Structure formats: structure tokens, C-alpha cells
Amino acid sequence: MKAEFENIPLKKNETLKRFEIEVNGHFAFINYKESGTQISLIHTEAEPELSGTGAAAAVVEKTLDYIEESGKKLLPFCPYVFAFIKKNREWKRIVDEKFNGYENI
């Protein structure tokens, strides 16, 4: 994660069902669903003003930290999150082994 994002807090916006960070009034976020011991990450997006800044990767990494700290298991349905984990294989440790596609990470 780029240093400029390290001190930006992750917010779990339960109303909008998304994890988000705010950068200069703009948002990068991941839509989620939560059930029991699992958190499904559905879609990652950064507002156009944040395009190319690394904000999307930062919100993903912060969200993965949150999931790990909460003791939950991840279901990475979002292609961006899936690709992030495939590139940063140490995060596979939090992916639920029941996830269809686990063997492809």
C-alpha cells in the first residue's frame, strides 16, 4: 500500500454495505455481504478522481486486514479482490477453503 493511504481509516459502512476509505472527499469502496463467519467481497470501485492513485488497492488491503482481525473467512467474488490475492498470495490464508475457485488462487 502506498504510504499516503496508510493513515486513512477504513470505515465499515453498514448502511451502504461497503467498506470504504475517503481521500480528499472521494471514495474507494468494496461492496460486501456478511453472514456468520464469512464476508463476501462483491465489487471494488474507486471514484474517477482516484483513478490510478492506488486507492482501490489500499481499500482492498485495509479490508483484508479487517477480515483477518475479525476472525472471519473471505469469499472473494470480486474479480479485483481475487486478482489482488492471486498477486499477494499471503492473503490466501484468510480465504475460506470452501470458496469455489480456491484452487485457482
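Coordinate-derived values only; no laboratory data. Bear in mind that the values here come from a model prediction, so they are computed numbers and not experimental data. Cβ atoms come from the backbone with ideal geometry, glycine included; neighbour counts cover every protein chain shown.
Could you check what % of the DSSP bridge pairs in the chain are antiparallel, to the nearest 5?
Expressed as a percentage, antiparallel bridges in the chain total about 75.
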- Task: Grab the DSSP H runs of the chain that are 4 residues or longer, score each as -39,500 (n - 2.57), total them, divide by all residues and round the 222 nm result to the nearest 500 deg cm²/dmol.
- Result: -7500 deg cm²/dmol
- Note on the structure: Packing-ranked peptide list from 98-105, 41-48, highest mean Cβ count within 10 angstrom first, is 41-48, 98-105
- Note on the structure: Contact order relative to length for the chain, counting C-alpha pairs under 8 Å separated by 6 or more residues, stands in percent at 21
- Query: (1) 38, 29, 21; (2) 35, 33, 23; (3) 49, 32, 21: which one is Cα extents along the principal axes in Å as calculated from this entry?
  - Reply: (1)
- About its Cα centre, how strong a charge dipole does the chain have in debye, to the nearest 20, once Lys and Arg get +1 and Asp and Glu get -1 at the Cβ? 360
